[in-house]
Amino acid sequence: MPSPSPKTASPRSLVFLLLVLLGCGFIATSLASYYAALDSIRDGIVNNELPLTSDNVYSEIQKDLVRPILISSMMSRDTFVRDWVLGGEQTAEPMTRYLQEVQSHYGAVTSFFVSEQSKTYYQAKGVLKKIDQQADRDAWYYRLRDRQEPYEINVDIDMANGDRMTVFINYKVFDYQQRFIGATGVGLTVDAVVQLIDEYQQRYNRRVYFVDANGRIVLTGANGGPLGARIGDQLSEVHGLEGLNSKLSHPQSGDFSYQDHGHGHYLNVRFIPELDWYLFVETHEHGALASIRQSLYLNLAIWAVVTLVVLLLVSLVLRRYQARINALATTDSLTELPNRRGFEMLANQAIQEARRSQSTLCALLFDLDDFKQLNDNHGHLAGDAVLRGFAQHLQQSLRQSDIVCRWGGEEFILLLKDTTLESARQLGEKIRQQTESSAFEFAGQTLHTSTSIGLAALHDDDDLQALIARADRALYRAKQAGRNRLCEETQ
Ligand SMILES: Nc1nc2c(ncn2[C@@H]2O[C@H](COP(=O)(O)OP(=O)(O)OP(=O)(O)O)[C@@H](O)[C@H]2O)c(=O)[nH]1
C-alpha cells in the first residue's frame, strides 16, 4: 500500500496566495502614493494656488475697482465742488461740465453730484431730478448721509443710464467746516464689472465672486457664483456654504472648503476694506485630481496586466513541474514504463470496471531468468539494456487497453482487460518465444535472455493483491519447472 503523501499546497492555492500578496502590495502602494499626491495637491491648492490667485485678483481689483473709489474720493475733496455748492449752486452748467470732464477723463460710465441744500441730482448730461426722501430709489443718499464711513459702494439701477445695473461709489462731500453738503462719485455698469470678473476667472482659471458683509452675493461672473448662485442670493442659501455665512459677519479672511456631490471645493476669502466686500476665489479639486486619479487607474491597470502575466507564467511553470513530478512519481526511469505506484492506480480502476461490466481480466507476471548471472557475466549496464529491450517488446505486444508495469527488478506485469485465459495464455506464450529468440545488443555484445511467466485470471472476490499473488504462485511454479515457460494458477 502506498503511504499517504504529506499535505502540500496545491498550485491553485499557491497562485491564489500570490495573487492576494501581489494585489495587497500593489494596491497598498498605489493607494498610499495616490493619497500622498492628493494631500500635496490639496495642500498646494489651499496654501499656494488660491492665496496667490487671490493676491493677483486683488491687485487687478485695485486697478479696476479701487481706482473709481479714488476718483470719487478726489471728487469729494475737490475745492471746485465745495466752492460751487457754497456759492449757492448758481447755474448747473459748471457742475455738469465738471462731471462730464471726470467721466470722460477717467472712463467712468456715470458721474454725479447730489446737493444736500437743493436736493438736486446733477449728472454729466445736466440736472437729472430732485431727490425725494420717500422714494426707494433715493434711499441710498439718506443711508450714506447717516453712515459713519465716508463712502459706500452700492449696486443699483442708474436712471441716468437707462436704468442699467450700476456699481456706484457714493462719497460724502463736506464743506470746509466739515458740514455735510452732498454726495458725489462715479459708477461702473455691472455688465462692465461682470466682464472684469469673467476676465479674472479666465485668466486664473478660478471662480471669482464678491459677497457683502451681510452674506449677500453682490457680484459674480456671467455664469454666476458658487453652484450657480446669482447676484442677490444669500450665501446661506447655497448648499455647503451655510456655515461660512455666519463667519463673515465681521471681517475675516482665510481658507474654507465645502463638498458638493463628493467633490471638494476650496475657497480663499479676503476682506477688501475699500469695497467693504469679501473677495471669494474658488476652485474645485475635480480638475486637479483628474490627472492623479488617471495615474492611479493606469497604475492599477499596469498592476492587473503584470499580475496576470506573472500568475499565468507561474501557473504554467507549476503545472509543468506538477506534471513532471507526477510523471516521475509514477514512471520507471529505466524502462519508462509505469512503476508499481502508477500501475496500482490504473489496475485498481481496471478491476472495478471488470467487476461492473462482468468482464474477464487476466494478469501475466514476467520474471527474466537467471538475470543475476547475466549481470554478473556482462555487467549491470548490459542488464539494464536487456531490461529496456524487454520493456520495448512488452509495449509492442500491447493493445490500447492493456496495462503494463515494471513491478520491480527484473519483474514485469501485464494486465489484460476483457481477455479470456486462453487469449492471455496465447499472448504470454508469444512474448515468451519472442524473448527467447531475441538478441539484445549492448556495447558490441549480443545478449540473450528468457522469461518465466505466471498467468492468473481475476476471480469474483479478488482484489489486486489477490490477483497478483495468484500470478506470483504460477510464476513460482514456472521457475520451479525449469524456467522459460508459462504456468497458470486457477485456484
Ligand atoms: N542491471 C540491472 N539489474 C537488476 C536491476 N534490478 C534488479 N537487478 C538484478 O536482477 C537480479 C535478480 O536476481 P535474482 O532475484 O537472484 O533472480 P535471477 O538471477 O533472475 O534468477 P531467477 O529469477 O531465479 O531466474 C539481481 O542480481 C539484481 O541485482 C536493474 O535495474 N538493472
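Throughout, read-outs are computed from the coordinates displayed, never taken from laboratory work. Worth saying up front: this structure is predicted, and the values here are computed from it rather than measured. Cβ sites come from the backbone with ideal geometry, for glycine too, and all protein chains shown count toward neighbours.
The angle between the Cα long axis of helix 421-437 and the main principal axis of the chain comes to about 80°, on a 0 to 90 degree scale.
Converting the Cα gyration tensor eigenvalues of region 44-91 into ellipsoid dimensions via √(5λ) gives semi-axes, longest first, of 42, 7, 6 Å.
Could you point to the residue in Val66, Gly88, Ile181 farthest towards the positive end of region 11-294's charge dipole, with +1 and -1 charges on the Cβ of Lys/Arg and Asp/Glu respectively? My answer, from the dipole projection, is Val66. Which trypsin sites (Lys or Arg not before Pro) in region 459-491 pass both tests, a DSSP loop state and at most 15 other beta-carbon atoms within 10 Å? Here the trypsin sites (Lys or Arg not before Pro) that fit, given the DSSP loop and packing criteria, are Arg483.
Placing unit charges on the Cβ atoms only, positive for Lys and Arg and negative for Asp and Glu, gives the chain a dipole magnitude near 800 debye about its Cα centre.
Its alpha carbons give the chain an Rg and a Dmax of 53.2, 160 Å. Using only DSSP helix segments of four residues or longer, with each worth -39500 (n - 2.57), what per-residue ellipticity at 222 nm results for the chain after dividing by its residue count and rounding to 500? Computed ellipticity for the chain at 222 nm equals -15500 deg cm²/dmol.
Placing +1 on the Cβ of every Lys and Arg and -1 on the Cβ of every Asp and Glu, with nothing else charged, gives region 11-294 a dipole about its Cα centre of roughly 180 debye.
For region 11-294, the normalised intensity computed at q = 0.07, 0.14, 0.15 Å⁻¹ comes to -0.37, -1.00, -1.09 (log10 of I(q)/I(0), Debye sum over alpha carbons, equal scatterers, no solvent).
Suppose we look only past 16 Å in the calculated P(r) of region 351-402. What percent of the Cα-Cα pairs does that tail hold? Here the tail beyond 16 Å accounts for 58 percent of pairs. Computed packing ranks the peptides 435-442, 276-283 as 276-283, 435-442, most packed first, by mean other Cβ atoms within 10 Å. A convex hull fitted around the alpha carbon atoms of region 340-489 yields 99 Å³ per residue. Simple spin-label estimate for Arg145 and Leu298 gives 6.8 nm between the two label positions (7 Å along the Cα-to-Cβ direction from each Cα).
Which distance in nm do the two modelled labels at Asn205 and Ile157 give, with both placed 7 Å along the Cα-to-Cβ direction? Between Asn205 and Ile157, the simple spin-label model gives 4.1 nm. Peptides 445-451, 301-307, 393-399 ranked from most to least packed by the mean count of surrounding Cβ atoms within 10 Å: 445-451, 393-399, 301-307. Each principal axis of the Cα cloud of region 283-402 was evaluated for its coordinate range; sorted largest first, these ranges are 97, 46, 20 Å.
Each of Gly428, Phe26, Gly254 was scored by the projection of its Cα onto the charge dipole of the chain, and the greatest displacement toward the positive side belongs to Gly428; charges sit on the C-beta of Lys, Arg, Asp and Glu.
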